[in-house]
1. What number of residues within segment 420-466 are in contact (Cβ under 8 Å) with a residue 60 or more places away in the chain, farther than 17 Å from G266 by Cα and in a strand (DSSP E or B)?
2. Pairs under 8 Å by beta carbon, first residue within 19 Å of F306 (Cβ to Cβ) in segment 169-191, partner open to solvent by 40 Å² or more (accessible area, probe 1.4 Å) and in a helix (DSSP H, G or I), six or more apart or different chains?
3. Tell me the residue from F306, F328, F300 that is open to solvent by 40 Å² or more (accessible area, probe 1.4 Å) and closer than 17 Å to W214 by Cα, please.
4. Are there helices (runs of 4 or more DSSP H) fully within segment 230-325 with at least 3 residues that are polar (S, T, N, Q) and modelled with pLDDT of 95 or more? List them.
5. Could you say which residue among F97, F123 is within 24 Å of the chain's Cα centre (by Cα) and either closer than 26 Å to R465 by Cβ or of a type in the set (F, W, Y) (or both)?
6. Of everything in segment 412-438, what is under 22 Å from the mean Cα position of the chain (by Cα) and charged (D, E, K, R)? Give them in sequence order.
7. Out of segment 347-368, which residues are part of a loop (DSSP other than H, G, I, E, B) and surrounded by 15 or more Cβ atoms within 10 Å (Cβ to Cβ)?
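The values are calculated or read from the model by the stated rules, or taken from the named source; none is laboratory data. Note that the structure is predicted; figures quoted are calculated from it, not measured. Cβ atoms come from the backbone with ideal geometry, glycine included; neighbour counts cover every protein chain shown. Keep in mind that these areas ignore ligands, DNA and RNA; they rest on the heavy atoms of the full protein, side chains included. Shrake-Rupley method; radii C 1.70, N 1.55, O 1.52, S 1.80 Å.
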Amino acid sequence: AIGQTPDGNLTPAFATKWEVSSDFLTWTFTIRDGMKFHNGDDVTAEDVAWTWNRSIEPESLGGFALEVGPLLSSDFTVSGNTVQVSTIKPESTLPIFFASASPPRSIVLPKDYFESVGGIEGFRKNPIGSGPYMWEERVPGQYIEFTAFEDHYEKNPGYKTLQIWDVAELNTRMAMLKSGNADLVTASVRNVKELKDANLQVLESPAANISWIWYNYAWVEGHAFNDRRVREAISIAIDRQAISDGLYAGLPTPACCYWVVEGNVGYPGDVEPHPYDPERAAQLIKDAGIEGAEIEVMTFSGDADFVDQPGLSEAVAGYLEAIGLKTFVSVVDGPVLRETFDNAIKTQEEIDDIVANQPPYQIAVRGSDTRLHSYRGAHIYYHSEGRRQMMRLPEVFDPILDKAGSAFALEDQHNAMADFHRLVNEDFWGPGLLEAGAVFGASDKIGSWTPITGRPFPHNHWTIRP
């Protein structure tokens, strides 16, 4: 619906403009004329409103229902070629939710077609959209095949046929590229030399990945992580540059902050990554009285979230061992890790029981693509009304996040979020680890391609040119 530049500015997409009423409660999105669905039908404002209303229903599986639904005081309604919606209170960051690359924010479903095929089950068998490539077939567990849609309003596909293969393992993707069975793959900063040695193209998307540490139950009074000395000790025990050099050929750089990089809205600019000081870290652990305490480092394996998170976690664990903590690494599925650190789904009684039976204390080594505007990720985990509530310190974090959420000037949003990241850095609530660009490998069939800054996945298929 809306595009976004790396510095957080929003740009037109299928919504050509958006504006808020004088009382800051009603948003109006103007829908682009001339768009077509793949079956030839016009894309209308009615289709847009129907799609968005469907996505905020409680039974929707998407985060849109969980994050946007509670903000709204009305359904999406149509007036001419505009779609309107009202919020319960002023929500300056609402358009950011329409700038995501993930459905349902970035797609429009054809209402008439959807209903004519019997709803979601029929639609899944033969979906249609309005993008530059049309669905052709799906072989479960292998690939989805698309063909060019010549009637797209703006983005002309460069190839007649596009296959997107589902290949989780990095080594397998690299082998497919080298053998000519793939032409564009998600690679890694670890693969740059390998790609060059094989005379393959190296394409990069800057500022695409970032990793950090989460402390579980740091907000619980009396918990080890509630002690600032312990949080500081864990962070300054880690030699970020040495990990970059050892695991990633020196390409990532130490990160100062949580989920934000230089150029993004909220990047403070005056905050340095935490220094490497193992002697002070060891002394802080002794002073806090937890020498020898057991720490579980939880992570999950996902190339797109950050490169080799299990390897990064093992490196972190080694540095914590060196300052007198007993550590072990648990590699779990992504949902398991998120549920472990999700306090919105736990009762106070459950939390009290878990904390009473610790150690081992849990930290997460987590990574993600960067957020060009850091408000969403911060609100989800740090606000008392956030979807995950990893932290429950409303007196600390709510005022600053509410200030960002109610500011209608981008500069004011930036300043508030910069203050948030300064606070998180200063008190070690969520230390950054490393930030890195995304690396893609390409065959000589690819003449040019423009990846999106801040996105580590293959995308922008319409910009691939022979």
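1. Number satisfying all stated conditions: 10.
2. M174/E194; R190/L247
3. Details: F306 fails: open to solvent by 40 Å² or more (accessible area, probe 1.4 Å); F300 fails: open to solvent by 40 Å² or more (accessible area, probe 1.4 Å).
Only one candidate qualifies: F328.
4. Working: elements: 240-248, 278-288, 309-322.
No helices (runs of 4 or more DSSP H) qualify here.
5. On the way: F123 fails: within 24 Å of the chain's Cα centre (by Cα).
Within the list F97, F123, the selection yields F97.
6. Within segment 412-438, D419, R422, E435 meet the criteria.
7. Step one: of segment 347-368, the residues part of a loop (DSSP other than H, G, I, E, B) are 347, 357-360.
Within segment 347-368, Q358, P360 qualify.
Each row is one residue, and each column tells you yes or no for (1) open to solvent by less than 40 Å² (accessible area, probe 1.4 Å); (2) assigned to a loop (DSSP other than H, G, I, E, B); (3) free of Cβ contacts under 8 Å to residues at least 60 places away in the same chain; (4) in contact with a Ser or Thr (Cβ under 7 Å, 6 or more places away or on another chain).
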position	(1), (2), (3), (4)
I380	yes, no, no, no
G386	yes, yes, yes, no
F408	no, yes, no, yes
D412	no, no, yes, no
